[in-house]
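The values are calculated or read from the model by the stated rules, or taken from the named source; none is laboratory data. On a predicted model such as this, the values are computed, not experimentally measured, just so you know. All Cβ positions, even for glycine, are placed from backbone atoms using ideal geometry, and neighbour counts span all protein chains on display. The accessibility values were calculated without ligands, DNA or RNA, using every heavy atom of the protein model including side chains. Shrake-Rupley method; radii C 1.70, N 1.55, O 1.52, S 1.80 Å.
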Amino acid sequence: MHELGIINYVVKQVKELAVENDLKKLHSITLEFGEVSGIVTHYLEDYWKWYSKKDPFTDGAELKMEVLPAITWCDSCKKQYPTVKYGKTCPYCGSGETWLLRGQEMNIKEIEAE
C-alpha cells in the first residue's frame with residue numbers, strides 16, 4: 001500500500017509549485033502511471049479523498065488518472081511489444097532477452113489551479 005505515500009508526495013510537490021507560482025486553490029490534478037507500476041487506483045482515489053480534505057488548498061480538488069501501457073523491448077529482434085499481453089517472452093522471436101521499456105513510471109501530468 002504505497003498509494004498513501006504517493007498521495008503525500010504528490011501533495012507536497014503541488015504545494016511547492018503553488019508557492020512558486022502564487023496559486024491559491026487546486027481544482028484538479030492529473031497523474032499518469034504505468035500499468036505495471038503496482039498502483040491500485042481505488043486506493044489512490046480513497047487516499048486522495050481523505051488526504052485532500054486536510055488542507056484548504058487541496059480540499060474539493062479532483063484526482064484524474066491516466067494509465068500508460070507497459071511496453072517491453074526485445075534485444076534479440078529489436079522490436080517492442082505490449083508487456084501485459086506477452087510477459088517477458090517476445091511474441092515475435094520467442095527470446096527472453098527482453099526488458100521493460102516503460103510502464104512502471106508515475107508522473108504528475110497536469111494541475112489546474114487558480
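Key figures
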read-out: Leu4 being assigned to a strand (DSSP E or B) and either of a type in the set (Val, Ile, Thr) or surrounded by 14 or more Cβ atoms within 10 Å (Cβ to Cβ) (or both); value: no
read-out: The stretch 91-110, residues that are open to solvent by 50 Å² or more (accessible area, probe 1.4 Å) and not in a loop (DSSP other than H, G, I, E, B); value: Trp99, Leu100, Leu101, Arg102, Met106, Asn107, Ile108, Lys109, Glu110
read-out: Tally of residues being open to solvent by 60 Å² or more (accessible area, probe 1.4 Å), part of a loop (DSSP other than H, G, I, E, B) and either acidic (Asp, Glu) or in contact (Cβ under 8 Å) with a residue 24 or more places away in the chain (or both) across the stretch 65-84; value: 2
read-out: Check on Lys88, more than 13 Å from the chain's Cα centre (by Cα), of a type outside the set (Asp, Glu), under 27 Å from Leu101 (Cβ atoms) and in a loop (DSSP other than H, G, I, E, B); value: yes
read-out: Candidates Gly87, Gly38 - the one that is loosely packed, with under 14 Cβ neighbours inside 10 Å and at pLDDT below 95; value: Gly38
read-out: Any hit, the stretch 57-64, residues being open to solvent by 70 Å² or more (accessible area, probe 1.4 Å), among the hydrophobic types (A, V, I, L, M, F, W, C) and not in a strand (DSSP E or B); value: no
